[in-house]
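Some notes on the structure that comes next.
Just so it is clear, none of the values below were taken in a lab; they were calculated from the coordinates. Worth saying up front: this structure is predicted, and the values here are computed from it rather than measured. Here the Cβ is made from the backbone with ideal geometry for all residues, glycine too, and neighbour counts use every protein chain on show.
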């Protein structure tokens, strides 16, 4: 028997990979999934699809952008460039100010740890199969975006 | 048709519900940010909290009473320093009724947010299972991961599209319809057209102050709401899949074997 280790992120592809394995004759009992807890310090200021956090730079930015846009567009009726340009300037200025406030807060006041960049391995998947199945299993895992693979042979 | 019916009532609190109209979710929110959105536009704070009926009523109330009291026009004049014009334009038959409801919106959304944060913590600790999938005659909705920045981008082009991106249908339809109303009556796009021609004076004069001043909050809200909900939906997806994997793919018979890595 062979055991194949693979790492994945949480995604629909992972479930597709598992169901493909089952279709190809690997039984449920021979698939072992280990969802990982990712490093807690991993707080990204701009959230992505891979790692998210409610704390982000958008909250204060969006709030101030709206506030400054209202004031900018209002005062814009008297200024040479008119309300639309001043509204947009207000939006950009407010957002930048909010960004700087949050950056200052998270970088200086709260001094957070190093950020984990890019995609993270969130699940370890271990598949036990016969030696002749192992090539199929590996190609299924690769096709469903496994980050890394290792095949373990035991005598 | 949902893939999990919690009608046995075994659990006290559920942290999310996947329905035809969208994914409703409890998660921690900053009450000051919620209060701010209610101040920017009554109803927005409640809409972010997924309290749609209160939110929609407050929103429509704001449009009607603000329009008749001419709060927005008075605000423009005040910011321009033309206090005389501001006094003149404001409509006393409507103005005083604006204040209590405006303040109520801020206060109530703040209070609700603090309350819901407690409920959300309790639901998080109880860790009750949720349905992750629903299919019906009109729509299909399921937990999924989406790219947050795409929500921001589409909301910037047109408020409501970011919400459509993440299947938040009530806010999406609502934002789309009201944005059309605001853009049409404020003549914003006509003004933009004149700006492309380089005619700033004409562009300014064509704008309707009352209707224009509804727009900044509409835009800000649409971007913020679609963004945070995309992020939270992604987190919910990961939580649900994690529980699924632990439940189905951790057989006690499974043994890790010693051996050698072969390439």
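Couple of notes before you dig in:
- For the pair residue A:34 and residue B:125, label points projected 7 Å from Cα toward Cβ lie 3.0 nm apart.
- With both labels modelled 7 Å from their Cα along Cα-to-Cβ, the residue B:68 to residue A:23 distance reads 6.2 nm.
- Across peptide B:249-259, the average count of Cβ atoms from other chains found within 10 Å of a residue's Cβ is 6.
- FRET E, pair residue B:180, residue B:20, Förster distance 22 Å, beta-carbon r, rounded to 0.05: 0.35
- Between helix B:92-126 and chain B: long-axis angle, C-alpha atoms, 0 to 90°, nearest 10: 10 degrees
- In the range B:82-180, Cα pairs under 8 Å separated by at least six residues give a relative contact order of 12 percent.
- Cβ crowding within 10 Å, taken as a proxy for footprinting-reagent exposure, orders B:204, B:156 from fewest neighbours to most as B:156, B:204.
- Pairwise Cα inverse-distance average, inverted: Kirkwood Rh of the range A:59-117 (Å): 12.3 Å
- From the C-alpha gyration tensor of the protein assembly as shown, square roots of 5λ in Å: 50, 23, 19
- 0 to 90° range, to nearest 10: angle between helix B:169-186 axis and chain B longest Cα axis: 20 degrees
- Size descriptor for the range B:2-257, Kirkwood hydrodynamic radius: 20.5 Å (Cα pairs only, one decimal).
- Between helix B:215-248 and chain B: long-axis angle, C-alpha atoms, 0 to 90°, nearest 10: 10 degrees
- Gap separating the Cα centres of the range B:168-188 and the range B:84-117, nearest whole Å: 22 Å
- Rounded FRET efficiency, nearest 0.05, which uses the C-beta distance separating residue B:261 from residue B:115 and R0 of 60 Å: 0.65
- Ellipticity at 222 nm from helices only: DSSP H runs of n ≥ 4 in chain B, each -39500 (n - 2.57), divided by the residue count, give -20500 deg cm²/dmol.
- Put a dot 7 Å past the Cα of residue B:99, heading toward its Cβ, do the same for residue A:109, and the two dots end up 3.2 nm apart.
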